[in-house]
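The values are calculated or read from the model by the stated rules, or taken from the named source; none is laboratory data. From a predicted model like this one, the values you see are computed outputs, not experimental measurements. Glycine gets a Cβ as well: all are built from the backbone with ideal geometry, and neighbour counts include every protein chain shown.
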Amino acid sequence: MQCNNCGGTYIEISDDYKFESLIAGTLWAPDIHSLRCSRCTNRLLAPGEHKKILDYVRDKESELISQQPISHFISAGEAASMLAMTKQAFSKNKKIIRGFILFTVIDDRKYYLKKSVEQFKLTGDGRICLVVKEEYSDPLSWGDYSGKIIKFRQKEPIETTIPEGAFKYE
Ligand SMILES: [Zn+2]
């Protein structure tokens, strides 16, 4: 496979990828394979590696949510009444199903983070940041999951785009 930029040869490398998570802040997905052109700075993610990055991010986010104090969570019924919804409307809400309200699962039941429910009520998006944010020098790197968010840790940073809908909250 030749570089589509300069015709050079790709070499496969393994590296950490940076991902700016709305919920968990800066994450580094370890051991991600990509192809680097030996002549120019062109780099490509190896097939399947997008999914590996997104799985890593999803795990880290879930872990972080589950570490919040238990007293900060409310039941689905309480969350529904905070949003002035019936329990049925709450459980069928597409955004909520997609993870726009942060939740954790305890004994097979979902419990919702109260702060996230409040944020959802205000803005329709309850994905709040659960870590202290660092100063981000690059506003581009802080944003939507479908945006330009992944960069190399080393030298010439590259940006790559995750296809729309590749990251689904379930
Ligand atoms: Zn090249």
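From the list Gly8, Gly48, exactly one residue is touching a strand residue (DSSP E or B) at 6+ places or on another chain (Cβ under 6 Å) and either surrounded by fewer than 18 Cβ atoms within 10 Å (Cβ to Cβ) or over 25 Å from Ser66 (Cβ atoms) (or both). Which is it?
None of the others qualify; the one that does is Gly8.
Counting just the residues of the range 106-130 that are of a type in the set (Ser, Thr, Tyr) and over 13 Å from Ser66 (Cα atoms), which one comes out surrounded by the fewest Cβ atoms within 10 Å (Cβ to Cβ)?
Thr123
Being within 15 Å of the ligand (Cβ to nearest atom), farther than 25 Å from Val131 by Cβ and modelled with pLDDT under 90, is that true of even one residue in the range 47-67?
No, the range 47-67 has no match at all.
Do we find a residue being within 16 Å of the ligand (Cβ to nearest atom) and either under 17 Å from Leu102 (Cα atoms) or surrounded by 18 or more Cβ atoms within 10 Å (Cβ to Cβ) (or both) anywhere in the range 13-27?
The first filter runs over the range 13-27 and keeps only residues within 16 Å of the ligand (Cβ to nearest atom), leaving 13.
With the extra rule that they be either under 17 Å from Leu102 (Cα atoms) or surrounded by 18 or more Cβ atoms within 10 Å (Cβ to Cβ) (or both), the set shrinks to none.
No, the range 13-27 contains no residue that is within 16 Å of the ligand (Cβ to nearest atom) and either under 17 Å from Leu102 (Cα atoms) or surrounded by 18 or more Cβ atoms within 10 Å (Cβ to Cβ) (or both).
Which of the following residues is outside any strand (DSSP E or B), charged (D, E, K, R), at pLDDT below 95 and within 21 Å of Glu20 (Cβ to Cβ): Lys115, Lys151, Lys155?
Criteria check complete, one pass: Lys155.
Select, from Val131, Val105, the only residue that is in contact (Cβ under 8 Å) with a residue 40 or more places away in the chain and either in a helix (DSSP H, G or I) or of a type outside the set (Lys, Arg) (or both). If you could, list the steps in order and put the result at the bottom.
Numbers: Val105 fails: in contact (Cβ under 8 Å) with a residue 40 or more places away in the chain.
Only one candidate qualifies: Val131.
Does at least one position in the range 91-101 carry a residue that is in contact (Cβ under 8 Å) with a residue 12 or more places away in the chain and either within 16 Å of the ligand (Cβ to nearest atom) or part of a strand (DSSP E or B) (or both)?
Yes: one or more hits.
For Pro30, all conditions in the list (1) within 13 Å of the ligand (Cβ to nearest atom); (2) surrounded by fewer than 17 Cβ atoms within 10 Å (Cβ to Cβ); (3) assigned to a strand (DSSP E or B); (4) of a type outside the set (A, V, I, L, M) hold save one; what is the number of the exception?
Among (1) within 13 Å of the ligand (Cβ to nearest atom); (2) surrounded by fewer than 17 Cβ atoms within 10 Å (Cβ to Cβ); (3) assigned to a strand (DSSP E or B); (4) of a type outside the set (A, V, I, L, M), Pro30 violates only (1).
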